[in-house]
Amino acid sequence: MKDFDVIIIGAGIAGNSAAFHLSEKSDLRIMIIDKNDISSGASGLNAGHISTTGLGNDPNLQSYLTHGSLEIFKSFQIDRGYDIEFRQSGSIAAIQTEEQYDYALKNVLELRSNGKYAEIISTKEAKSIEPEISDNMHGYIYYPLRGQADPIKATTAFALEAQNLGTHIKVNEAVNKVYSESDGTFVIKTNKNQYTCNKLVIATGAWTNSLLKSLDLDIPIIPVRGQMWSSKSLPPNIFTAISAMQSQYDWNTDSTTDKNNPPELTHKDGKRITRHLYGRQRKNGEIIFGGDRENIGFTEKVDFSGVESNKNHVTELFPFISQIEIEKAWFGFMPFSIDGKPLIGKIPAYNNLFIVSGLASSGFGRGPMAGKYAAEVVLSDHMPSILSEADPSRFDQLN
Ligand SMILES: Cc1cc2nc3c(=O)[nH]c(=O)nc-3n(C[C@H](O)[C@H](O)[C@H](O)COP(=O)(O)OP(=O)(O)OC[C@H]3O[C@@H](n4cnc5c(N)ncnc54)[C@H](O)[C@@H]3O)c2cc1C
């Protein structure tokens, strides 16, 4: 008999959600294992934005991932009683130029014609939601359904709930090698032990490519460094989840093709191509913002010029930020697939090998539902059609 029916490697939001949904829906013997602590990867280092515009008239995978995840976070906060600091606060995106306004208007009209929730609001309307917001914008987009939660508390809640349902959790144990025996058993070798299982779920985020080299697989996921900064605790000043339209406008009007980089980065070949911005005020009063996304491997340091540039951008939206000191800055690695889309489901090269990764820059807000879909595929051994754009088989080398 194998040690476990299912082993999940990686205890971020994706792995913990998969563990929770698997243990909720089955009596399988499940273990989740992480080289560090629960939520020590991108899932514990992000801004905690949950970005949905609703399911709309004709939901696609993106709508199910974002809106489904929001509903799962909500149920953890309200039905299951975990204080994950979830709030359906809504979100505001600043429009800074006329070109951005035209783009934003087109975008909002398209969303609304699909039954989704977004509207252009004036500065006066924005100030009634965010009293400190700048008077100098061309307008704002208001997304009423969007929310926020504390990344570490939320990710840990999934792990605790999975554990309550019988999942074994191992932390501070790094998987060094994975191989498959002739009868299909997976052997997982760590720095401390060796385990066997029937089904293996890979949820190792930005580290996925190197881990799966031992199975002779070249998973097209690369680390993209994101970075953020925070203030000390301050009285409540910012109430919604904040973003700015500049990057979205720049990415959507950029017609150049680039096979070496995933889409939606802020830098190319070491040069800034746009300014991205997201942030909010935590329940403990800290104001947190970030934005940069760079394809520079596992470069484990903060680029302070990028942090400064982000703070200046935030000051354009909230003038009071000019008086605020940066207390902390940090970085994290986002798992970007080369086409920017997630990988959720079966890896066809091996029987009983599954993945939930490539959640890129919005994996906190999409992770709960991505983990739920992964759990459904593990249990049914079937890829539902909604997952076709996330199907790992789209990459030839995984077949
Ligand atoms: C600065 C920043 C801001 C962000 N802001 C947002 C946001 O506001 N909203 C949003 O939706 N998303 C945001 N994201 C993106 C989001 O954080 C990620 O997409 C998401 O957390 C990915 O989750 P994951 O579980 O796939 O990966 P991770 O959370 O990185 O988890 C992978 C886990 O695998 C473990 N692991 C790796 N290799 C091994 C091994 N060999 N053995 C054992 N364990 C291993 C790691 O230790 C890690 O815990 C942000 C990311 C960053 C970095």
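The values are calculated or read from the model by the stated rules, or taken from the named source; none is laboratory data. Every value quoted in this text rests on a predicted model; they were computed, and no experiment measured them. Glycine gets a Cβ as well: all are built from the backbone with ideal geometry, and neighbour counts include every protein chain shown. To get the accessible areas, we keep the full protein, side chains included, count just its heavy atoms, and leave off ligands, DNA and RNA. Shrake-Rupley method; radii C 1.70, N 1.55, O 1.52, S 1.80 Å.
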Legend entry - Every residue from segment 1-55 that is more than 19 Å from Phe354 (Cβ to Cβ) and more than 10 Å from the ligand (Cβ to nearest atom): Met1, Thr52, Thr53, Gly54, Leu55
Inset, instruction - Select from segment 292-316 the residues that are among the acidic types (Asp, Glu) and either surrounded by fewer than 19 Cβ atoms within 10 Å (Cβ to Cβ) or within 14 Å of Ala329 (Cβ to Cβ) (or both) and list them in ascending order. - result: Asp292, Glu300, Asp303, Glu308, Glu316
Inset, instruction - Output yes when any residue across segment 372-394 is outside the structural domain of Glu130 (by TED's automatic domain parsing), surrounded by fewer than 18 Cβ atoms within 10 Å (Cβ to Cβ) and under 26 Å from Phe298 (Cβ atoms), and no when none is. - result: yes
Inset, instruction - Name the residue, out of Ser380, Ser361, that is in contact (Cβ under 8 Å) with a residue 40 or more places away in the chain and out of contact with any helix residue (DSSP H, G or I) (no Cβ under 8 Å at 6 or more places or on another chain). - result: Ser361
Inset, instruction - Specify which of the listed residues (Gly290, Gly345, Gly365) is in a helix (DSSP H, G or I), at pLDDT 95 or above and within 16 Å of the ligand (Cβ to nearest atom). - result: Gly365
Legend entry - Lone unmet requirement of (1) crowded, with 23+ Cβ neighbours inside 10 Å; (2) in contact with a Ser or Thr (Cβ under 9 Å, 6 or more places away or on another chain); (3) in the same structural domain as Ile347 (by TED's automatic domain parsing) for Tyr179: (1)
Inset, instruction - Considering only segment 203-220, state which residues are within 9 Å of the ligand (Cβ to nearest atom) and either closer than 22 Å to Ala375 by Cα or touching a residue at least 12 places away in the same chain (Cβ under 8 Å) (or both). - result: Ala203, Thr204, Gly205, Ala206, Trp207, Thr208, Leu211
Legend entry - Residues (more than 9 Å from the ligand (Cβ to nearest atom), open to solvent by 10 Å² or more (accessible area, probe 1.4 Å) and either part of a strand (DSSP E or B) or touching a Gly at 6+ places or on another chain (Cβ under 7 Å) (or both)) located in segment 322-342: Lys328, Ala329, Lys341
Inset, instruction - Just one of (1) surrounded by 14 or more Cβ atoms within 10 Å (Cβ to Cβ); (2) over 17 Å from the mean Cα position of the chain (by Cα) trips up Asn260, so point out which. - result: (1)
Inset, instruction - Please report, ordered by residue number, the strands (runs of 3 or more DSSP E) entirely within segment 81-188 with at least 1 residues that are more than 27 Å from Ala375 (Cβ to Cβ) and in contact (Cβ under 8 Å) with a residue 40 or more places away in the chain. - result: 91-95, 139-143
Inset, instruction - Any residue in segment 32-50 that's touching a residue at least 40 places away in the same chain (Cβ under 8 Å): show its pairings with residues that are among the hydroxyl-bearing types (Ser, Thr, Tyr) and within 6 Å of the ligand (Cβ to nearest atom) at Cβ separation under 8 Å, as long as the two are six or more apart or on different chains. - result: Asp34/Ser40; Ala47/Tyr278; His49/Tyr278; His49/Ser362
Legend entry - Of residues in segment 260-287 being charged (D, E, K, R) and free of Cβ contacts under 8 Å to residues at least 40 places away in the same chain, the one nearest to Ser91 (Cα to Cα): Arg275
Inset, instruction - Can you confirm whether segment 60-78 contains a residue that is open to solvent by 20 Å² or more (accessible area, probe 1.4 Å), outside any strand (DSSP E or B), on the phi > 0 side of the Ramachandran plot and within 14 Å of the ligand (Cβ to nearest atom)? - result: no
